[in-house]
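Colleague: Below is a structure I'd like to ask you about.
Please treat every number below as a calculation from the coordinates, not as lab data. Computed from a predicted model, the values in this text were never measured in an experiment. In this analysis, Cβ positions are derived from the backbone assuming ideal geometry, glycine residues included, and neighbour counts consider all displayed protein chains.
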Amino acid sequence: MINSDISSAASNLREKLNLMGPASKHILVDILESLYQAYIFYYPLGQDKIAGFAAMKKGIKFIMLNSSQALGRQNFTLAHELGHFELHQGRDSWDISEKNKAREREADHFAACFLMPEKECRDVFGDTKIFTDFDILRFSQYYRVSFEAARNRIGTLFKNRLKSDKNESVHAIVKKAHAIFPDQNFDDSLYEPSGEVREPVLKFTHMMKQAYTEADISYGKLIEFCQKRKMNPLELIELWGQDH
């Protein structure tokens with residue numbers, strides 16, 4: 001698949017979703033759960049382990065996200081898996097035993113185009129004459145991606161304007177940015193692991209539906225469980241009524 005077709009697929013999906021601007025982790029999870037009915041798990045697997053993987057068994061899609069990775073990397077991983085669902089339908093698994101490196105590159109390119117769409121990048125950052133490490137940091141912050149992903153995208157779209165010291169760590173750059181631009185609110189958490197543990201919302205709602213409809217739990221207990229998950233119990237019951 002050629003890059004222009006992948007870019008068009010990413011653009012078409014953003015248009016279909018009416019998505020404008022950056023896509024946060026919350027938005028990506030919502031897309032994967034609502035549009036693809038994917039079961040999404042987070043678990044801290046270790047920083048030197050795989051960033052994540054997607055699999056499909058008996059028509060059910062699963063995504064495991066390594067929360068030991070930095071938050072910006074997690075966002076790119078979710079968009080990468082989204083790329084597999086969009087571009088490589090009909091496969092049972094990706095990433096773990098994937099021997100076709102072309103598909104991995106395609107999913108990476110989809111993620112870059114989906115998270116950092118070319119037209120918007122040019123509209124927002126097109127006037128930047130030279131992209132220093134601080135400009136890359138601003139780009140990274142705006143699009144909620146890792147510093148590396150931001151630098152790679154800038155290198156693709158603004159190749160002749162990129163001036164970056166690849167030997168300096170993102171943490172050193174952030175530290176300098178705080179000192180030089182004290183009024184700027186840089187989100188340091190983007191470059192740190194979240195360490196979250198998460199079970200899929202779909203799994204939770206299915207479990208609650210079975211328990212509530214079979215009178216295993218009361219309405220009061222349902223409210224209690226929903227409050228912990230920041231969900232509206234009335235909307236949940238209404239959704240169950242539409243589930244035939």
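Colleague: Starting from the 7 Å offset along Cα-to-Cβ, what nm value, one decimal, do you get for the label separation of residue 132 and residue 213?
Modeller: 6.1
Colleague: Please quote Rg/Rh for segment 1-148 to two decimal places, taking the Kirkwood radius as Rh and restricting both calculations to Cα atoms.
Modeller: That ratio equals 0.96.
Colleague: Modelled label-to-label distance, residue 123 and residue 160, 7 Å Cα→beta-carbon offset: nm?
Modeller: 2.5
Colleague: Now for a different question. In debye to the nearest 20, how big a dipole does segment 131-204 give about its Cα centre with +1 on each Lys and Arg Cβ and -1 on each Asp and Glu Cβ?
Modeller: The dipole magnitude comes to about 380 debye.
Colleague: Turning to a different aspect of this structure: Taking a 28 Å limit on the Cα-Cα distance, which of the listed pairs 61/119; 61/159; 49/129; 119/176; 25/101; 61/175 fall beyond it? All intermediate terms of the calculation are to be shown ahead of the outcome.
Modeller: Numbers: 61/119 31 Å; 61/159 37 Å; 49/129 38 Å; 119/176 30 Å; 25/101 25 Å; 61/175 40 Å.
Over 28 Å Cα-Cα: 61/119; 61/159; 49/129; 119/176; 61/175.
Colleague: What nm distance separates the two modelled labels at residue 180 and residue 5, each placed 7 Å from Cα along Cα→Cβ?
Modeller: It is 4.3 nm.
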